[in-house]
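A.B. asks: What follows is a structure written as structure tokens; I'll ask about it next.
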Amino acid sequence: MKLKIFSILIISLLFVSALSCNDSSKRSRKPVAKISITPNKKNIISGDSINIHISVKIKDGELEKSDLYFDNELIKTSKEPEFNHRMRFKPTGKHQIKIVSTKTDGVEGVNFQSLEVVSDIQPEMLTYEVINTYPHNTEHFTQGLEFHNGILYESTGENGKSGIFKTDFETGKVLKSVNLENKYFGEGISIMNNKIYQLTYKSQIGFVYDLNTFARIDSFTYQTPQGWGLTNDGQSLIKTDGTEFMHFIDPSNMQVIKKVPVYDNQGPVQYLNELEYHDGYVYANIWTTNNAVKIDPKTGKVVSKINFEGLLPVIYDPQKPIDVLNGIAINDENGKMYVTGKLWPKLFEVKLIKKDQGSH
């Protein structure tokens with residue numbers, strides 16, 4: 001009996017080994033494609049014309065065809081073992097070239113190459129001039145700032161201190177407010193269609209309020225691990241999450257319509273925090289810095305960089321510490337820009353100027 005079981009075991013092992021060898025043999029027979037890009041450089045610039053050279057090697061059999069994909073879109077099919085394809089790269093961001101080579105016996109080989117495209121725009125360097133200063137609540141850990149009909153709306157963060165405040169910006173007087181439950185850390189807000197949309201930091205949930213009553217009327221969820229800034233272009237909500245991506249969201253169902261990566265001429269721009277949409281552009285604070293950027297939302301390209309260094313003089317009070325610059329709001333009624341920071345004592349009306357026209 002033991003001998004019979006032993007014999008069956010040996011036969012089974014030989015069968016599995018044979019299958020394994022066949023699989024290994026099949027893998028070794030897969031076509032291998034070499035992908036070469038010229039000119040070969042670290043960063044491809046948006047608008048560059050690039051030549052993609054494909055060379056396919058096979059150990060046996062014949063090549064039936066090779067399919068060339070760009071970001072999973074088929075752009076060329078060739079029956080030749082070597083071929084070229086010239087294309088112009090426009091969208092910024094990380095992209096992938098894929099070659100699927102198929103032999104006449106049906107065996108396929110798949111090869112990939114990644115590349116990155118940066119912006120072709122040299123950002124304009126801007127600084128600022130302070131026009132006026134107004135009081136700002138030093139208890140407000142500013143996460144969202146927006147004007148609507150001449151009234152300033154602000155969202156604040158930190159667990160147990162998060163809320164939305166309707167404020168007379170000239171006096172700092174709070175006209176209406178609503179608090180978040182202690183378990184939530186408030187983030188960006190945006191006003192659209194008589195509703196206030198609010199993000200939370202790590203809870204992957206947002207809330208919708210009636211603009212007039214501040215009553216919570218809805219909630220929504222999102223897939224990104226974090227919620228940061230929020231604004232809107234009149235059609236879509238625009239959300240950031242700490243990465244270089246802007247997420248465009250349909251407010252009717254809160255589904256993501258598209259993602260646009262933000263790039264300057266050096267590479268991706270991350271930590272896009274408090275947002276403001278105005279006159280066709282998105283303004284964004286860069287978290288932990290005194291800098292902001294002006295972005296073309298259609299392409300994600302940074303068109304201007306703004307240096308707010310020195311806006312708030314160094315203030316050290318262990319009883320009332322300040323945090324980073326965060327908050328850009330533009331009053332659509334007059335085009336005036338206002339900026340502040342987390343726990344800052346002041347709200348600044350500023351005018352943007354070219355860097356060579358002033359120094360801060």
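A.B. asks: When the convex hull of the C-alpha atoms of the stretch 37-180 is computed, what volume per residue in Å³ does it have? Provide the component values of the computation, followed by the final result.
C.D. replies: Working: hull volume 32.3 nm³, N = 144.
Roughly 224 Å³ of hull volume per residue.
A.B. asks: Which whole-number percent gives the relative contact order of the chain, counting Cα pairs below 8 Å spaced six or more residues apart?
C.D. replies: On the way: 932 pairs, mean separation 53.7, N = 360.
Computed over the chain, the figure is 15 percent.
A.B. asks: Applying a 10 Å radius around every beta-carbon, put 292-301, 100-109, 251-260 in order of their mean neighbour count, most first.
C.D. replies: Taking the mean over residues of other Cβ atoms within 10 Å, the ranking is 292-301, 100-109, 251-260.
A.B. asks: Can you find, among Ser55, Ile45, Pro81, the residue farthest towards the positive end of the dipole of the stretch 44-92? Put +1 on the C-beta of Lys and Arg, -1 on that of Asp and Glu.
C.D. replies: Ile45
A.B. asks: Another question, if that's okay. Mind checking which of Ser78, Ser236, Ser177 has the largest fluctuation in a GNM of the chain, springs on alpha carbons under 10 Å?
C.D. replies: Ser78
A.B. asks: Within 10 Å of each candidate Cβ there may be at most 14 other Cβ atoms; applying that plus a DSSP loop requirement, which trypsin sites (Lys or Arg not before Pro) in the stretch 179-212 survive?
C.D. replies: Passing both the DSSP loop test and the Cβ count: Lys183, Lys202.
A.B. asks: Dipole size in debye (nearest 20) for the stretch 125-195 around its Cα centre, Lys and Arg Cβ +1, Asp and Glu Cβ -1? Kindly include the intermediate steps, with their values, before the conclusion.
C.D. replies: Numbers: 6 positive and 9 negative charges, 54 e Å.
Computed charge dipole of the stretch 125-195: roughly 260 debye.
A.B. asks: What do you get for GluC sites (Glu not before Pro) in the stretch 202-285 restricted to DSSP loop and a cutoff of at most 16 other Cβ within 10 Å of the site's Cβ?
C.D. replies: Numbers: sites: Glu244, Glu274, Glu276; in loops: Glu244.
Hits after loop and neighbour filter: nothing returned.
A.B. asks: Still on this model: Taking the chain as the reference, fit the longest principal axis to its C-alpha atoms, fit the long axis of helix 2-28 to the helix C-alpha atoms, and give the angle between the two in degrees, 0 to 90, nearest 10.
C.D. replies: Between helix and principal axis, roughly 70 degrees.
A.B. asks: Which residue, Pro313, Thr167, Leu230, has the largest displacement toward the positive end of the dipole of the chain when charges sit on each Cβ (Lys, Arg +1; Asp, Glu -1)?
C.D. replies: The listed residue farthest towards the positive side: Leu230.
A.B. asks: Quick query: amide H of Asp264 versus all other amide H atoms, modeled in the peptide plane; which residues come in under 5 Å with a sequence gap of 5 or more or a different chain?
C.D. replies: HN-HN under 5 Å from Asp264: Ser119, Val269, Val302.
A.B. asks: Right, another one. Out of the DSSP beta bridges found with both residues in the stretch 31-118, what percent are antiparallel (nearest 5)?
C.D. replies: Taking every DSSP beta bridge with both residues in the stretch 31-118, the antiparallel ones total about 95 percent.
A.B. asks: Considering only DSSP beta bridges where both residues belong to the chain, give the percentage that are antiparallel (nearest 5).
C.D. replies: 95 percent
A.B. asks: What lysines sit close enough to Lys320 to cross-link, taking a C-alpha to C-alpha distance under 22 Å and skipping anything fewer than 8 places away on the same chain?
C.D. replies: Straight-distance partners of Lys320: Lys161, Lys173, Lys342, Lys346.
A.B. asks: To the nearest 20 debye, what charge dipole does the chain have about its Cα centre, counting +1 at the Cβ of each Lys and Arg and -1 at the Cβ of each Asp and Glu?
C.D. replies: Values: 42 positive and 42 negative charges, 347 e Å.
The calculation lands at about 1660 debye.
A.B. asks: Could you tell me which trypsin sites (Lys or Arg not before Pro) in the stretch 121-174 are loop residues by DSSP with no more than 16 other beta carbons within 10 angstrom of their beta carbon?
C.D. replies: Working: sites: Lys161, Lys166, Lys173; in loops: Lys161.
Listed in order of number, the matching sites are Lys161.
A.B. asks: Starting from the Cα of Lys94, draw a straight line to each of the lysines and keep only those under 23 Å, dropping any in the same chain fewer than 8 residues away.
C.D. replies: By straight Cα distance, Lys94 reaches Lys34, Lys41, Lys42, Lys76, Lys239, Lys258, Lys259, Lys294, Lys298, Lys301, Lys305.
Values quoted throughout were computed directly from the atomic coordinates according to the rules given, and no laboratory measurement underlies them. What you are looking at is a predicted structure, and each value in this text was computed from that prediction instead of being measured. Every residue, glycine among them, receives a Cβ derived from its backbone with ideal geometry; neighbour counts consider all protein chains shown.
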